[in-house]
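S.K.: One structure, pasted below without further comment.
The values are calculated or read from the model by the stated rules, or taken from the named source; none is laboratory data. In this text, all values refer to a predicted model and were calculated from it rather than measured experimentally. Neighbour counts are summed over all protein chains in view; Cβ atoms, including those assigned to glycine, are modelled from backbone coordinates with ideal geometry. To get the accessible areas, we keep the full protein, side chains included, count just its heavy atoms, and leave off ligands, DNA and RNA. Shrake-Rupley method; radii C 1.70, N 1.55, O 1.52, S 1.80 Å.
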There are 2 protein chains.
Amino acid sequence: MADSFIEVETLVVGGGISGLKAISDLIKHGCTSCLLVEARDRLGGRLHTVTGYQGRKYDLGASWHHDTLVNGLFLEELSLEKEEQAGYVFDDFLPLMFDKTRGRVDSDPELTLEILNEELMRFLELQFLEDVDAKDCSYFEMVVRYLFERRDLLSDEQIQYLPQASRFLELWHGIDWKTQSSKFLEIVHQGRNALVLHYDKIVKRIARTIPQDNFRLNTSVNQISRQGRNVLVKTADGLLYKCDYVIVTVPQSILELSLHDKDEAARIKFDPPLDSKIVRALNKTHYGSLGKVIFEFETCCWSKKFPKIVSLGQSNSSFANSVRQARDLNSLIHTLGHDTKYNYKNGQAWDFPLFFVNLAKTTGVPSFVMLMQEPLTAYIESLDDPVKVFEFFEPILKRLLEELSCTKAIELDLEGVRPEKADDSPVLKNIIWTRWTREVYSRGAYSACFPGDDPLDLVIALTSDEHARVRFAGEHTIMDGAGCVYGAWESGKREAAIINKAFGRV
Amino acid sequence: MADSFIEVETLVVGGGISGLKAISDLIKHGCTSCLLVEARDRLGGRLHTVTGYQGRKYDLGASWHHDTLVNGLFLEELSLEKEEQAGYVFDDFLPLMFDKTRGRVDSDPELTLEILNEELMRFLELQFLEDVDAKDCSYFEMVVRYLFERRDLLSDEQIQYLPQASRFLELWHGIDWKTQSSKFLEIVHQGRNALVLHYDKIVKRIARTIPQDNFRLNTSVNQISRQGRNVLVKTADGLLYKCDYVIVTVPQSILELSLHDKDEAARIKFDPPLDSKIVRALNKTHYGSLGKVIFEFETCCWSKKFPKIVSLGQSNSSFANSVRQARDLNSLIHTLGHDTKYNYKNGQAWDFPLFFVNLAKTTGVPSFVMLMQEPLTAYIESLDDPVKVFEFFEPILKRLLEELSCTKAIELDLEGVRPEKADDSPVLKNIIWTRWTREVYSRGAYSACFPGDDPLDLVIALTSDEHARVRFAGEHTIMDGAGCVYGAWESGKREAAIINKAFGRV
């Protein structure tokens, strides 16, 4: 009680895009007393652009403008002078999909997997449209249900390959089909996706609108407590801030830490504890771990025709047989659940679908950006040795290159000792991979829905009180743009507007 | 008043699938006094299977099971013994699309037309989602609007080819982009489409459940009038039926004739006239004219890889230029509207996108079924000479075969005088084409939406009174399955159930 404190009108917790947008809008509208505290030593949060071999740049976190028909951040970018804009390139195209043994399975008039995937999405949607109270289940279970109910209308090969092809959605949600909700599976794209080149430029542009004095890096928050109409915020460096408003933009994964007593550096103690509605909602939502591995080659010696490639999880030949002979759905789900157990810790990379962005096609950079999902992400992110990462993915990388008409063996030259190459064999110069699951201030990638979750509950719980002094922003606090950069950005804009309004700043 | 009359509990007007299903369900539930009158000399209505060269069969009317996840008629078919079922084959696949000068434009990673078409659909949807009262406009206008607003995000080639590629939807609606509503454009497929082999088998199966005595073919209805609780129906043969219920299943185009006094054989005079709600709704909906031309070749000498092919309307090279330089949208719409005027009466087939079903791939029959739209349909259906029809489409047919790796010239042998062929050149033995627009009892194909129409109004006006004695069924009287065979079938089922219930038959 005798602590001295620093008075601040609005304190923003977290320097990701939502926090940056919030404080930028506060300042723009004349707020003279605001501060942003960030636990990391850098701004951007889950926007993180890094530099690799020969200065090539990559976004380890979010890297696309999604939903470009409605993406407010993208539209803002378009309104800028060219040199102010971060570059972008539309890179959506029908992905090349290949299977370990069969090879290409996309655009195959016998398999028609693109058409079946669409039918599968409608099948799922109808389950919940026809009965809003229908019990949610995993995407895996729903795929098996589709196969079981429609087996007379599918060929053996379609039954064999569709399940693995349908799993490409794992690379959107960052979690595998067995933990993914069916009810909140489908993604309706509001326009094309554009690869951003690169997000650091956008982060820096917004940060430039904020005086340096308004930032505190390396400053994590320990406690947020109410005192009358004020909010007291205690930071790890021992300082105490007395604020009118606090905007908490920490990831959902960090908010979840507040539900338990466990001692974690990133944990914020709320006093009084988080509202029971928020607690209930946090228990009905989860967090995914989309991870990335970037394979940097010396030069491009593969086809640039396809911007995106999916390597399918290995299909089980007895799978179709089981579907054909099943007497009832439940035992089929049980059997197939067992038959499709993951074995990745023994180096079996083919257990998962993987998504490759062929930057050579999109931006001319001879690298592949590979996306992976839980539980694989946590495993790969636990590795320290790039050679181990390479060895894990080598069989898939080899097949990928073959599908892109490059049949020469991959040469590993991570030490950079090999002389300038004379032939056109693929020389791997560097591997970069994410550590999001290991970082104490992220613990993964972004919000995800397990069966039974309801993402709307959390959004309502965190945002419905227009008069709350402890406010929330971030990708998990908004429905339009949930899980996306522009959604986070909009949420920061939303919170700043509410506070500006409360102080009569228009 | 002194007329003698025949008493019938329920009279069904029209022997298409909705009328057949209705009377079949009445009889199944024990109705002993019902009759179906049909103006044509055959049952089936707009389901019509014909026989061509060497006994090959084609459906000139509807020919697919649409929405097979929810299609009740399809599910009923599946429940039958194999030999009772009409065959079917799922024939959905990414269509091959070609342009007159550029050749193939589908699956092109530079054009990405599939992706842009999807974005265009979302763009349209958003216009009406964001503002439910937004004024409807033609699909053509909306395409131009999209190009204008997004031109900085599109390449010249994308601006050139997307408009023509987007017109493939004309072959669903049966009308061209300039008369098509934007608001009611999008088709959400509830599952794959299956080509039916053939619909005559389904028509016959349902007809078999109805004793012959319950049919009157060649019997058109002149007047439907109310007399107390009864309905009097006067037929062209001078007979008068006194009924408890009448189910009017004539096409929407025939119902429209009742709005005016014009003397037409198919016109039904309603006394009292049709309810004002129905009149208003009929004025807010239109009728399309999907037509078909079937090209029967002697043998297949082309690639069987693609089940469906779209030949695009010719793109105008100055089109992209106009879009780039336009200052305002309205004058752009005006300019482009003028630049894209049709010239088909001078033999310019390239004015329209055309859809080809490659039966050689789907069913092994060496014929193409070509779908066309208004206003082309009315023109082609006005021709009497197959040589004229061939000459009109010859340039497109030639390019189609080239795209399917058949470069030899087409030989015309409609008289069948050519000896068995020795080489692998394509010999055209017969051409069959529809006359739906010329037939007095159809006057086109099925319901369609012009800008400003609202299909729901008509459905409500025709079906909302559960106690009405004059009832309606058909593809235009139902939302789920509107314009589809299964929708018509469901509407017949619906009306029979209401009447069965009124008489306590369960």
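S.K.: When you scan region B:386-406, do you find a residue that is touching a Ser or Thr at 6+ places or on another chain (Cβ under 8 Å), open to solvent by 50 Å² or more (accessible area, probe 1.4 Å) and either in the same structural domain as B:Ile268 (by TED's automatic domain parsing) or at pLDDT 95 or above (or both), even just one?
M.R.: Scanning region B:386-406 turns up at least one residue that is touching a Ser or Thr at 6+ places or on another chain (Cβ under 8 Å), open to solvent by 50 Å² or more (accessible area, probe 1.4 Å) and either in the same structural domain as B:Ile268 (by TED's automatic domain parsing) or at pLDDT 95 or above (or both).
S.K.: A further question on this structure: Can you find, within region B:229-279, the residue that is surrounded by the most Cβ atoms within 10 Å (Cβ to Cβ) among those that are small (Gly, Ala, Ser) and at negative phi?
M.R.: The residue in question is B:Ser253.
S.K.: What are the residues in region A:313-335 that are open to solvent by less than 40 Å² (accessible area, probe 1.4 Å) and assigned to a loop (DSSP other than H, G, I, E, B), if any?
M.R.: A:Gly313, A:Ser315, A:Ala326
Every residue, every condition in (1) within 22 Å of A:Leu113 (Cα to Cα); (2) hydrophobic (A, V, I, L, M, F, W, C); (3) in contact with a helix residue (DSSP H, G or I) (Cβ under 8 Å, 6 or more places away or on another chain), yes or no:
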| position | (1), (2), (3) |
| --- | --- |
| A:Ser166 | yes, no, yes |
| A:Leu169 | yes, yes, yes |
| A:Trp172 | yes, yes, no |
| A:Asp176 | yes, no, yes |
| A:Thr179 | no, no, no |
| A:Leu185 | yes, yes, yes |
| A:His189 | yes, no, yes |
| A:His198 | no, no, no |
| A:Lys204 | no, no, no |
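S.K.: Right, here's the next one. State all residues of region A:183-195 that are away from chain B (no Cβ under 14 Å) and either among the basic types (Lys, Arg) or farther than 17 Å from A:Ala482 by Cβ (or both); if no residue qualifies, say none.
M.R.: Passing the criteria: only A:Lys183.
S.K.: So which residues in region B:409-434 are exposed (fewer than 15 other Cβ atoms within 10 Å of the Cβ) and at negative phi, if there are any at all?
M.R.: Selection gives B:Ala409, B:Glu415, B:Val417, B:Arg418, B:Pro419, B:Glu420, B:Lys421, B:Ala422, B:Asp423, B:Asp424.
S.K.: Next question, about the same structure. Could you tell me which of the residues A:Thr68, A:Thr49 is within 13 Å of chain B (Cβ to nearest Cβ) and either closer than 30 Å to A:Tyr245 by Cα or not basic (Lys, Arg) (or both)?
M.R.: Residue meeting the stated conditions: A:Thr68.
S.K.: Something else about it: Do you know which residues across region B:141-170 are open to solvent by less than 10 Å² (accessible area, probe 1.4 Å), away from chain A (no Cβ under 14 Å) and within 26 Å of B:Lys284 (Cα to Cα)?
M.R.: B:Val143, B:Val144, B:Ser166, B:Arg167, B:Glu170
S.K.: Within region B:15-85, considering only strands (runs of 3 or more DSSP E) that don't extend past its boundaries, which have at least 1 residues that are open to solvent by 30 Å² or more (accessible area, probe 1.4 Å)?
M.R.: Per the criteria, B:49-51, B:57-59.
S.K.: Just to check your reading of the model, which residue among A:Asp237, A:Asp176 is assigned by TED's automatic domain parsing to the domain that holds A:Gly30 and in a loop (DSSP other than H, G, I, E, B)?
M.R.: A:Asp237
S.K.: Return only the number of the condition from (1) outside any loop (DSSP other than H, G, I, E, B); (2) open to solvent by 40 Å² or more (accessible area, probe 1.4 Å) that B:Met479 does not satisfy.
M.R.: B:Met479 satisfies all of (1) outside any loop (DSSP other than H, G, I, E, B); (2) open to solvent by 40 Å² or more (accessible area, probe 1.4 Å) except (1).
Conditions (1) outside any strand (DSSP E or B); (2) assigned by TED's automatic domain parsing to the domain that holds A:Asp25; (3) open to solvent by 10 Å² or more (accessible area, probe 1.4 Å), marked per residue:
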{"residue": "A:Phe184", "(1), (2), (3)": "yes, no, yes"}
{"residue": "A:Ile187", "(1), (2), (3)": "yes, no, yes"}
{"residue": "A:Asp200", "(1), (2), (3)": "yes, yes, yes"}
{"residue": "A:Lys204", "(1), (2), (3)": "yes, yes, yes"}
{"residue": "A:Ile210", "(1), (2), (3)": "yes, yes, no"}
{"residue": "A:Asp213", "(1), (2), (3)": "yes, yes, yes"}
{"residue": "A:Asn218", "(1), (2), (3)": "yes, yes, yes"}
{"residue": "A:Ile224", "(1), (2), (3)": "no, yes, no"}
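S.K.: Shifting gears a bit: Test of understanding: among A:Arg151, A:Arg122, which residue is without any contact (Cβ under 8 Å) to a residue 12 or more places away in the chain and either in the same structural domain as A:Thr68 (by TED's automatic domain parsing) or not small (Gly, Ala, Ser) (or both)?
M.R.: Answer to the check: A:Arg122.
S.K.: Moving to a separate point now. Of the residues that sit in region B:86-99 and are farther than 20 Å from A:Arg122 by Cβ and either within 14 Å of chain A (Cβ to nearest Cβ) or of a type in the set (Ser, Thr, Tyr) (or both), which one is surrounded by the fewest Cβ atoms within 10 Å (Cβ to Cβ)?
M.R.: B:Gly87
S.K.: State yes or no: is B:Asp108 over 22 Å from B:Glu186 (Cβ atoms), in a loop (DSSP other than H, G, I, E, B) and either within 14 Å of chain A (Cβ to nearest Cβ) or touching a residue at least 12 places away in the same chain (Cβ under 8 Å) (or both)?
M.R.: yes
S.K.: Which pairs have Cβ atoms under 6 Å, sit 6 or more apart or on different chains, and link a residue in region B:61-78 that is closer than 16 Å to B:Val203 by Cα to one that is of a type in the set (S, T, N, Q)?
M.R.: B:Trp64/B:Asn193; B:His65/B:Asn71; B:Phe74/B:Thr68; B:Glu77/B:Gln85
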